[in-house]
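Below is one structure, written out as structure tokens; the observations come after it.
The values are calculated or read from the model by the stated rules, or taken from the named source; none is laboratory data. Source: prediction; values computed, not measured. Virtual Cβ from ideal backbone geometry, glycine too; neighbours counted across all protein chains shown. The protein model used for the area step is the full one, side chains on, heavy atoms only, and it has no ligands, DNA or RNA in it. Shrake-Rupley method; radii C 1.70, N 1.55, O 1.52, S 1.80 Å.
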Amino acid sequence: MPTSAFNWNYPTLIAHRGAGKHAPENTLAAVRLGHQHGFTMMEYDVKLSRDGVAILLHDDDIRRTSNGAGLASTYSFADLLHFDFGAWLDKKYTGEPILSLATMAAYTIANGIRSNIEIKPETGFEAETGARVARLAQQLWQDADLPPLLSSFSETALEAAKLAAPDLPRALLIENHVPADYLERMRRLGCVALNLDTKLTTHELVKETLAAGYQMCIWTVNDPARAKELLSWGCKGIVTDAIDTISPSAHFEDI
């Protein structure tokens, strides 16, 4: 276990996929909207194009969030730029392009926005994606005052990220059920935090995790009362879609 608890210097409130329910998720439009609501930290998903460019995309297939179809890994980044990643949500976002991690880094660093990069590899590309995203993040944020937090459901991706960029902080993502040996897994992966589904988060689990020297970031929390409860238990991060009610602009943290 860590010799001492990780110093969580990140904001408490984190916009899920940017403002991913109000603007096209994982796009610059979503990040801008989240920022307009006062969020200074964004969570977003990163995987690789066919030519190894780190791109922001949740699904393996581009069908749901673009006017194209097929696995992102079958397209080069130049090919992906021909698709519309905005109109699926609202015609006012027509023409929104897919976003590269390099562009995301430039925008967020320039605007004082922190990042939780979820490494979201396609099946079979776990190690390659973890290593490549970690190395790129280390390079892109090398002059930033605070590095991004890397997280993943894939322990293979996190292990590769640890080997590629050991100094970047990592968090283990868990959904469905919490393994009995979750603390050992976190220790092995050199994690500093547990990013846990709110449905699995109990007071006892929070106390156990904090006592072991790890921080907790909970997703996706859209009920203000639940968010307040989790913070009162000692959780450090709240990932939310509710940019209107659980947001800095709504003075949520002052309530």
Dipole in debye (nearest 20) - the chain, about Cα centre, beta carbon charges: Lys, Arg +1; Asp, Glu -1 | 200 debye
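For the range 44-117, which whole-number percentage of the solvent-accessible area (1.4 Å probe, protein heavy atoms only) is attributable to carbon and sulfur atoms? Let's see the in-between values first.
Values: 1680 of 3120 Å².
Heavy-atom surface of the range 44-117 belonging to carbon and sulfur, 1.4 Å probe: 54 percent.
State which entries of Lys120/Lys199; Lys207/Lys228; Lys120/Lys162 exceed 18 angstrom in Cα-Cα distance in the structure shown. Please report the intermediate quantities before stating the final value.
Details: Lys120/Lys199 21 Å; Lys207/Lys228 16 Å; Lys120/Lys162 15 Å.
Too far apart for the 18 Å limit: Lys120/Lys199.
Direction-averaged shadow area of the convex hull around the Cα atoms of the range 136-240, nm²?
On the way: hull surface 27.7 nm².
If I average the Cα hull's projected area over directions, I get 6.9 nm².
Identify the GluC sites (Glu not before Pro) of the range 127-226 meeting these criteria: DSSP loop state and at most 14 other C-beta atoms within 10 Å of the C-beta. Before the final figure, lay out the partial values.
Details: sites: Glu128, Glu155, Glu159, Glu175, Glu184, Glu204, Glu208; in loops: Glu175.
Passing sites in the range 127-226 are Glu175.
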25 °C / 0.890 mPa s Stokes-Einstein diffusion coefficient of the chain, Kirkwood radius on C-alpha pairs, µm²/s = 135 µm²/s
Residues whose placed amide H lies under 5 Å from that of Gly18, excluding near-sequence neighbours = Asn26, Glu43
For the range 77-173, the fraction of alpha-carbon pairs in successive 10 Å shells from zero, as % = 16, 39, 33, 12, 0
How much of Val46 can a 1.4 Å solvent probe reach, expressed as accessible area in Å² and rounded to 10?
-> 0 Å²
Would you mind telling me which residue in Pro11, Pro148, Pro24 has the biggest mean-square fluctuation in a Gaussian network model of the chain, where springs connect alpha carbons within a distance under 10 angstrom?
-> Pro11
